[in-house]
Amino acid sequence: MPDKQPRRTVSTDRFCTDDRAIEGLPVRLVIALVVGVAALGVMMTILGDVGDIGTNDVTYEADDFDDDELTVYLSPTESGTTEHVDETITIVDEAGQPVPGGQVLLTAGENAQLSEPMSFEIDDDGQATIDTDNDDANLRMPRDYSTGTLNVEILPPSGSNLEDSSSNQPINVVRGSPP
């Protein structure tokens, strides 16, 4: 009887004689890696638009909004000084609920000038009174301008899950008396 040699299957023969493994495998890995990184980049962009989990954005609402804008008037008096009218705003979260604590910071915007930023405390009802008659900040308008803006930044209470991530509607400043 002749010696029986182990019978090789077709797949075993192909595996033993395939010399592409050394040069084909790294190219395939590089292609898979590039496609994977691109897919991960797309997923991270999508997840980045969702926002932070567990944080709420805060903004403000005025008691007497007129066309969704708050206006502060700088009214000249007979003695030559400027009378400032106080405004009350309420700090609210995304659900419209008042946010107690923290501060409201006003900085000079377009045309309105401040010698330093103005800061106002937010009370337990989530309200802050914007008192622009602050001698230290010295709110004023250049002679050639009758309107300007103040930028509003809300500093939520520390240790909360609140943040002021979106830009707030600026406060309009008008030289003249309220209508």
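Throughout, read-outs are computed from the coordinates displayed, never taken from laboratory work. Keep in mind that this is a model prediction, so the values were computed, not measured.
A few points about this structure:
- Rg ratio (alpha-carbon, reference 2.2 N^0.38 Å) - the range 98-144: 1.31
- Fully extended contour minus Cα-Cα distance, from Thr88 to Glu116, at 0.36 nm per residue: 8.0 nm
- Kirkwood hydrodynamic radius of the range 93-178, from inverse mean 1/r over distinct Cα pairs, in Å: 14.0
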